[in-house]
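Novice: Take this structure first; my questions come after.
The values are calculated or read from the model by the stated rules, or taken from the named source; none is laboratory data. What you see is a predicted model; the values in this text were computed from it and never measured. So basically every Cβ, Gly included, is an ideal-geometry build from the backbone, and we count neighbours across all protein chains shown.
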Amino acid sequence: MNIEGEIRAGRRLAERLMIDKFRFTRAVIGPPIRDEATGDLIYLPPVLVYEGKGKVQTYEAHEVGIGSAGRLFTVQRYQIHVPVGPERFMIGDVAECIKATLDPALLGREYVVAALLHKTAATARRLQVDEVAA
């Protein structure tokens, strides 16, 4: 049995289900820069971590209500699957659905990476993500 060949075949099959497109960005940590001409503070834009195919997955509804400053926020847990690759995702990265093939309600939705799931024989990079709704 050629385990590497089997895993590569599994990855090809998993990627066939990744029919949407996502953009993952990361906030730049550090102080803002002051514009010498205007005196305005300039915050560095987020950096691109990954842009490409993926899919949103959930196995069961899981939401948590959080109260803050007199408002209630709902956090829903999902997974986003992307191809296995060299990208180094980090907790706190933000994913935006930029192409939704079958469900137009996904377009523009934003998710925050909450956990990194790694395993030896992965057929997809599975990222635990949270969506926060006010």
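Novice: Could we say that VAL75 is buried (at least 17 other Cβ atoms within 10 Å of the Cβ), in contact with a strand residue (DSSP E or B) (Cβ under 8 Å, 6 or more places away or on another chain), part of a strand (DSSP E or B) and among the β-branched types (Val, Ile, Thr) here?
Specialist: Working: buried (at least 17 other Cβ atoms within 10 Å of the Cβ): no; in contact with a strand residue (DSSP E or B) (Cβ under 8 Å, 6 or more places away or on another chain): yes; part of a strand (DSSP E or B): yes; among the β-branched types (Val, Ile, Thr): yes.
Spelling it out, it is not the case that VAL75 is buried (at least 17 other Cβ atoms within 10 Å of the Cβ), in contact with a strand residue (DSSP E or B) (Cβ under 8 Å, 6 or more places away or on another chain), part of a strand (DSSP E or B) and among the β-branched types (Val, Ile, Thr).
Novice: Right, another one. Quick check on ARG109: is it of a type in the set (D, E, K, R) and within 14 Å of VAL129 (Cα to Cα)? Spell out how you get there, then give the answer.
Specialist: On the way: of a type in the set (D, E, K, R): yes; within 14 Å of VAL129 (Cα to Cα): yes.
Answer is yes for this residue.
Novice: Also, I was wondering about something else. Suppose we keep only residues that are acidic (Asp, Glu) and assigned to a loop (DSSP other than H, G, I, E, B) within region 84-110. Which one would you say is surrounded by the most Cβ atoms within 10 Å (Cβ to Cβ)? Let's see the steps before the verdict.
Specialist: Looking only at region 84-110, we keep the residues that are acidic (Asp, Glu), and these are 87, 93, 96, 103, 110.
This time we only want the ones that are assigned to a loop (DSSP other than H, G, I, E, B), so: 87, 93, 103.
Working: GLU87: 15, ASP93: 23, ASP103: 11.
In this case the residue turns out to be ASP93.
Novice: Report yes if PHE73 is within 16 Å of GLU51 (Cα to Cα) and touching a residue at least 24 places away in the same chain (Cβ under 8 Å), otherwise no. Give the steps one after another, and end with the answer.
Specialist: Values: within 16 Å of GLU51 (Cα to Cα): no; touching a residue at least 24 places away in the same chain (Cβ under 8 Å): yes.
Judged against the criteria, PHE73 is not a match.
Novice: For residues that are outside any loop (DSSP other than H, G, I, E, B), of a type outside the set (Ser, Thr, Tyr) and modelled with pLDDT under 90, tally how many sit in region 42-72.
Specialist: 8
Novice: Return the pairs, sorted by first residue and then second, in which the second residue is part of a loop (DSSP other than H, G, I, E, B) and among the acidic types (Asp, Glu), the first residue lies in region 19-45 and is farther than 30 Å from ALA105 by Cα, the beta carbons are less than 7 Å apart, and the residues are 6+ apart or on different chains.
Specialist: ILE42/ASP35
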